[in-house]
Amino acid sequence: MERIAIIGGGGTAAALAHDLILRGFSVAIYERGEFFSGATGRHHGLLHSGARYAVHDPEAARECIEENMILRRLVPQAMEQNEGLFVALDDEDMAYRQRLKDACAATGIPTRDYTPEQARHLEPGLADGVLAAMQVPDATFDAWRLALPFLATARAGGATAHNFTEVIGIDVQGGAVRGLRLRSLAEDAHGARGREWSAPADMVVNAAGAWAGKVAALAGVHVPIQPGPGVLVAIEGRVTNMVINRMRKASEGDIIVPQRRLSVLGTSMWLTDDPDHLDIPPEHVQRMVRLCSEMVPACAGAVIRSAWSAARPLIGNADATRPQEISRTFDCYDHGTRDNVSGLLSIIGGKGMTLRAMAEKTADIICRLTGRDAPCRTRETPLLPARAFYRS
Amino acid sequence: MSDAEKTVPESADAAAPESAPERQAPRTLTVRVHRCGPGGANARFDDFRLPVRPEDSVLDVLDRIRVETDPTLVYRHSCHHSSCGTCAMRINGRERLACITRMLALGTDVVTLEPLRALPLLGDLMVDMRPMFAHIGDDWGYVRPVEKASTGVPHGVARYTRLENCIECGACMSACPVSSGTDDMPPPEARRGGHEAPAQAAPGADVADAPQERMFMGPAPLAALNRELARHPEQREALLHIGKGPQGEKHCRRHLACSRACPSGVYPAKDIMDIRMMHGGGKD
Ligand SMILES: Cc1cc2nc3c(=O)[nH]c(=O)nc-3n(C[C@H](O)[C@H](O)[C@H](O)COP(=O)(O)OP(=O)(O)OC[C@H]3O[C@@H](n4cnc5c(N)ncnc54)[C@H](O)[C@@H]3O)c2cc1C
Ligand code: SF4
Ligand code: FES
């Protein structure tokens, strides 16, 4: 049984561990912090319909709508399935409306139009000036409780998962990966911290999200990762039942994701090379509140419960003139064919909600490279509940 | 949406100030952090002195210490906005979520960070949540329908739904004097209803000394149980059997510390009283 070591303990890693266990591999995950403490835990919590990407990034839109439908079935207990609205507030938004509708139709995203009166009957908190609204199958999800079932199920199937364990080296000999060099961050029973050891592996997957570039460098290879941080703001009180999106080209401060008794406003985007030092610029916080209050005025007066940053694992694209134009699709790189380091893969890009699809693509490549004929079964295999994590 | 859905945290002082319009000058503070190995071995405090801005949460400051000074500092965190429930800890002696507690709003020059009580120590600020989850069914639901919407509902949605308010953070487990073994209330008279008085750990005693099967399961599992009762009335007998069993509601001595500590508006003490008043489960 080939031993696959996964670097990073985000949603991508958890879903990959689950997929690989189902296909008969031996799997170990190494995460330097708590599981899901990178982008996976911190995102907006929008189970995208894909409409946000339909016009300029149809491939990402198709991935979203497909995974949206699968995850509703696999992890319903992590979601508020209350749908979403796109709202038009000015002429420019209205001009975008038909393009958006056509693009949704082309990518298989169901939509339904509402008049301003109908929209405000649904969501009385919407701005008076709403000109039109369109329903899409958005939902809200709990980031932690959507990812945890994948990890719980993988562990119950025999995967080992090590948190507070940092990968500090990738052992490459004769052009092939042999294993990982690891460091334990927590104190052991003898009062020592930073104990180092080696773990052999037949293949290594770099699933380190925005840190994938730093991890790839440990093996002397390059991945085109571009960390793209953004600020999110949680305000007290639920301003709507449904997810609210601005009906325009994906931009800043154009999504309100209500969840429990909060509303999460976002997001901004900039580019950085250092995903460890994420600032939370106060002017971004203010801008998110201001822009979202154009859609739902109550956002403006609300008490801020929290503001934070997270780094998207974007695939670098020198041609994009705005960070929002960088595709939100994902890709898996085989460093055997690219860089002559066989047995090393990197999986980057994507969304929190495309974790299963990212895992499927990566596990397909691992099966091909190892000559194992095992189809993906994660679409239909039930997941354990999140709380089962605390049993394993 | 009803007014009851608008969260007003108990500790509005430290939990939710407005954003600072301009970046204000930082103040230098001492952060006194509990450090230890597994099981609380070699427990001690380390002091870190660093500048803190008004908008910094305790979690922001911990992240900065970890990234800039000590990568071996171990604490749990994920969502950074009070949804996942991983970052509960004792901040200046009170259970709070690190991610929504503003450091400067605490108003002390030294801020002391300790792990939750009532749960086994894994290291530094991290506790083992398994004993809490041992009493919450894996398969108990986590989503509930909204009682009634005052608005229309979109096409395809029969009723709006909500994730449960309990984020399973364990703050109530730590705050509860019974589950954390810090109860200094005089021993109870035999309670009305004739249940025998539960065995209590002596104040300050290691909770682990009490016999497992007679220890209080704690407030969070009972709050979850009451939600599950609402979702599945047909399972009432089996659920009440747990809730009124040897580790259940009978241990509660109405300190109400759980409801005061809860950062998520759950009021577990009310759930416990609901269960106490119900008939069934092979009791009453
Ligand atoms: C502001 C913002 C809003 C977003 N909103 C949404 C949304 O609404 N819906 C959605 O679906 N997606 C959203 N996303 C995207 C989503 O968050 C990410 O695409 C997804 O979480 C990436 O998951 P991952 O597992 O690939 O990476 P991560 O979750 O970042 O996991 C990588 C892990 O690797 C670990 N690591 C790094 N280096 C090492 C090492 N040397 N050794 C061991 N471990 C290491 C890190 O600690 C980290 O936990 C958003 C992103 C941002 C930034
Ligand atoms: S009841 Fe409140 S304090 Fe207790 S675990 Fe749930 S959210 Fe935390
Ligand atoms: S980090 Fe999720 S509750 Fe604080």
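We did not get these values from a lab; they are worked out from the coordinates using the rules stated. Nothing here was measured: the structure is a model prediction, and the numbers come from that model. Here the Cβ is made from the backbone with ideal geometry for all residues, glycine too, and neighbour counts use every protein chain on show.
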- Query: How many angstrom lie between the C-alpha centres of region B:100-121 and region B:222-284?
  - Reply: 28
- Distribution output for the protein assembly as shown: share of Cα-Cα pairs per 20 Å bin in percent, first bin at 0, values 18, 52, 28, 2
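Quick one: grab the alpha carbon gyration tensor of chain A, order the square roots of its eigenvalues as a ≥ b ≥ c, and give me rounded if a/c is under 1.5, else prolate or oblate depending on whether a/b is larger than b/c.
Values: a/c = 1.88, a/b = 1.77, b/c = 1.07.
Verdict is prolate for chain A.
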- Query: Using a simple charge model, +1 on the beta-carbon of Lys and Arg, -1 on the beta-carbon of Asp and Glu, nothing else, what dipole does the protein assembly as shown show about its Cα centre, in debye to the nearest 20?
  - Reply: 960
- Task: Could you check which residue among A:I244, A:I170, A:I280 shows the biggest mean-square fluctuation in a GNM of chain A with a 10 Å Cα cutoff?
- Result: A:I280
- Note on the structure: Checking A:H18, A:H44, A:H277 against a Gaussian network model of chain A (alpha-carbon springs below 10 Å), the top fluctuating residue turns out to be A:H277
- Partner shielding of B:56-66, as the mean number of partner chain Cβ atoms within 10 Å, equals 2
- Note on the structure: In deg cm²/dmol, rounded to the nearest 500, the helical mean residue ellipticity at 222 nm of chain A, built from -39500 (n - 2.57) for every DSSP H run of length 4 or more, is -9000 deg cm²/dmol
- Using Cα-only point scatterers and the Debye equation, what is log10 of I(q)/I(0) for region B:27-128 at each q in 0.10, 0.12, 0.17, 0.21 Å⁻¹, rounded to two decimals? -0.23, -0.34, -0.70, -1.11
- Message: I need the Debye-formula profile for region A:66-141: one equal scatterer per C-alpha, no solvent, reported as log10 I(q)/I(0) at q = 0.17, 0.18 1/Å, two decimals.
- Response: -0.72, -0.79
- Message: Distance cut-off 26 Å, Cα to Cα: go down the list A:K214/A:K361; A:K101/A:K351; B:K148/B:K270; B:K148/B:K244; A:K249/A:K361; A:K249/B:K148 and report the pairs above it.
- Response: B:K148/B:K244; A:K249/A:K361; A:K249/B:K148
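Under a Cβ-only charge scheme (Lys and Arg +1, Asp and Glu -1), can you give me the dipole magnitude of chain A about the Cα centre, in debye to the nearest 20? Please report the intermediate quantities before stating the final value.
On the way: 43 positive and 46 negative charges, 194 e Å.
The dipole of chain A has a size of about 940 debye.
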- Here the longest stretch of chain A that holds no trypsin sites (Lys or Arg not before Pro) in a DSSP loop having at most 15 other beta carbon atoms within 10 Å is A:1-194
- Query: Once the Cα atoms of region A:291-392 are picked out, what are the Rg and Dmax in Å?
  - Reply: 19.8, 59
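Are there chymotrypsin sites (Phe, Trp or Tyr not before Pro) in region A:196-277 that DSSP marks as loop and that have at most 16 other Cβ atoms within 10 Å, and which are they? Write out the running numbers ahead of the final one.
Working: sites: A:W197, A:W211, A:W270; in loops: A:W270.
Hits after loop and neighbour filter: A:W270.
Roughly how crowded by other chains is peptide A:123-134, in terms of the mean Cβ count from those chains within 10 Å of each of its Cβ atoms? Display every interim value, and only then the final one.
On the way: counts 4, 4, 2, 0, 0, 0, 0, 0, 0, 0, 1, 0.
Other-chain Cβ atoms within 10 Å of each residue's Cβ, averaged: 1.
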- Item | Gap separating the Cα centres of region A:64-122 and region A:314-392, nearest whole Å | 26
- Given springs between every Cα pair under 10 Å in a Gaussian network model of chain A, which of A:A156, A:A186, A:A17 has the largest fluctuation? A:A186
- DSSP beta bridges in the protein assembly as shown: the antiparallel percent, rounded to 5, is 75
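Once you average over the residues of B:166-173, how many Cβ atoms of partner chains fall within 10 Å of each Cβ?
On the way: counts 1, 4, 5, 0, 0, 0, 0, 0.
The mean count of partner-chain Cβ atoms within 10 Å per residue comes to 1.
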- Note on the structure: Burial-style ranking of B:269-279, A:226-236, average other-beta-carbon count within 10 Å with highest first, yields A:226-236, B:269-279
- Query: Once phi is turned into ³J(HN,Hα) by the Karplus curve 6.51 cos²θ - 1.76 cosθ + 1.60 with θ = phi - 60°, what whole-Hz value does each residue of region A:240-257 show in order, with x for glycine and proline?
  - Reply: 8, 8, 9, 5, 10, 10, 7, 7, 7, 3, 3, 9, 9, x, 10, 9, 10, 10
